[in-house]
1. Checking residue 191 against (1) at pLDDT below 90; (2) surrounded by 15 or more Cβ atoms within 10 Å (Cβ to Cβ); (3) in a loop (DSSP other than H, G, I, E, B), which single condition isn't satisfied?
2. Can you confirm whether residue 240 is under 23 Å from the mean Cα position of the chain (by Cα), farther than 20 Å from residue 354 by Cα and at pLDDT below 90?
3. Which residue, of 36, 118, 93, is in contact with a strand residue (DSSP E or B) (Cβ under 8 Å, 6 or more places away or on another chain), touching a residue at least 24 places away in the same chain (Cβ under 8 Å) and over 30 Å from residue 179 (Cβ atoms)?
4. Any idea how many residues of region 136-183 are in contact (Cβ under 8 Å) with a residue 40 or more places away in the chain, outside any helix (DSSP H, G or I) and under 21 Å from residue 102 (Cα atoms)?
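The values are calculated or read from the model by the stated rules, or taken from the named source; none is laboratory data. Note that the structure is predicted; figures quoted are calculated from it, not measured. Note that we place each Cβ from the backbone using ideal geometry, even for glycine, and neighbour counts take in every protein chain shown.
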């Protein structure tokens, strides 16, 4: 039996899938587009040049596989399967490309979710303008088409579409040309020569949280930092910073020359400053990870409304994680139960969420290490 909340979730997923399908098909009909699969940073990329002749077959499955589509090329047995159910964002990206001698490429990236449903900056498939330059000059008709279609898709689903322009592009001579075109495709801007103002029109802000003199996550964070055998973790590309919470001196409001920031840790010891006001949601998570030998990682995520620089999940600003939730194969209930209790006490707050793994633990109790690993592979 499908509950009302489950049905609502399914309907929302189907609406997202339908949008991504239509957006992909919209570009697929364009004869000047290249379809790319894979990331060059991973060492290989597959490119298809459909010349406007390819097609997406309709959905063949339902349930969690409702997003699976097949990309077919005429008179060719080669084809591609794409799961639009794993996409969370349609990202129009203007960024330097080695294939274009580091001039800007114009890409439509379908960003995927990662472990635990976390949004990431990675894409499984993208589409690129095949010929953005004519005789080494920017083909303004191609760029205008790219921007106008971005605007159209943004107007249809502002929550699912974004535009990003690499800083190197913004500061280049070609970037100046692009900027003269971009306002014509931006919402609410007629003429401007300011990148910040133009790109701001492409941002869909989340509903404003009630104003408070303190960040709304402050009390929850204070208690999360008091969890035993835990760490405060800040993860960025090629850098992971970990503070043992028992060695941090609590939360402090730090002020200097009229500037204020929240400081975690005592001033005369190891500490960090975090923009706690940027935290929009707190997510309690329990998911199997290799660093726990396949057991569950019990994590309290502090999330932002947009990218935070975390390669694991784009909205993951920082987290509080249990260090050793197992003794051998058995769960350490004295560590895990306080995390569950913390969620129960704050679960009525609108900004507090829990993923399916954490809710499963609350329902069935914390599993042993081998049980958690087996359930993950079932």
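1. (2)
2. Yes; evaluated as a whole, the condition is true for this residue.
3. 118
4. The number of residues fulfilling the criteria is 6.
Conditions (1) farther than 23 Å from residue 359 by Cβ; (2) surrounded by 15 or more Cβ atoms within 10 Å (Cβ to Cβ); (3) modelled with pLDDT of 90 or more, marked per residue:
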residue: 224; (1), (2), (3): no, yes, yes
residue: 231; (1), (2), (3): yes, yes, yes
residue: 250; (1), (2), (3): yes, no, no
residue: 267; (1), (2), (3): yes, no, no
residue: 277; (1), (2), (3): yes, yes, no
residue: 291; (1), (2), (3): no, no, no
residue: 301; (1), (2), (3): no, yes, yes
